[in-house]
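Only one structure is covered here, and it is reproduced in the block below.
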Amino acid sequence: MPHEQIEAPDDTAVAKTASPGKTATCLPVTYKSAEGPASCETRKDICAAGAPYYLKGINALCGGAPALQRVNIISEPPYGGDPGVSYCVAWTGSSDGTARNAALLMDAPRYQCGAELGESADAVTEPGNYAIVFHDTPQDCAPQWPGTRLTYPAVLDYSSLGDQEPRQYVCLTEHTGA
């Protein structure tokens, strides 16, 4: 498929890929880091919460840091974890149209997790150096993969469980690839 190089507003090269009856504009990116495998992706795909594409200046392209995402928790561990316990969410593949549905897991093997709960940019630790991952207010999330949208703020909504548990704010980092 022929590619025509054009210049984007920020002087980044943009490729236009022509196909019969359809033209798509894409930006050259790499996977997870500047050294990752190269590809050409649309602005929409690059800017999506959880996207693994690395682009220097990604927040300028996407209009700022990733927006708060809502996660409907449809299942949770039967008890609270001790300090040092790791948490993640397992995506169910369904949604209510405004949020993704997930099961909250505790100390689960990584392969079962769709996204890990991680530290905020101004992480607070409990005695013993255990990071606090659940918060009462939205968080500024420190990216584990700078230049990507893999890490983003989220609010966990437990209302589908019939619980009176309040919403909790977290930082999620998506699992993608190996």
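The values are calculated or read from the model by the stated rules, or taken from the named source; none is laboratory data. Given the structure is predicted, the values throughout are model-derived calculations rather than measurements. Just so you know, the surface numbers come from the protein's heavy atoms only, side chains and all, with ligands and any DNA or RNA stripped out. Shrake-Rupley method; radii C 1.70, N 1.55, O 1.52, S 1.80 Å.
Of note:
- Translational D in µm²/s for the stretch 28-178 (Stokes-Einstein at 37 °C, 0.692 mPa s, Kirkwood Rh from C-alpha pairs): 204
- Accessible area ranking (1.4 Å probe, heavy atoms, ligands and nucleic acids excluded), largest first, for K32, K56: K56, K32.
- Computed lengthening from S160 to T42, 0.36 nm per intervening residue step minus Cα-Cα distance: 39.1 nm
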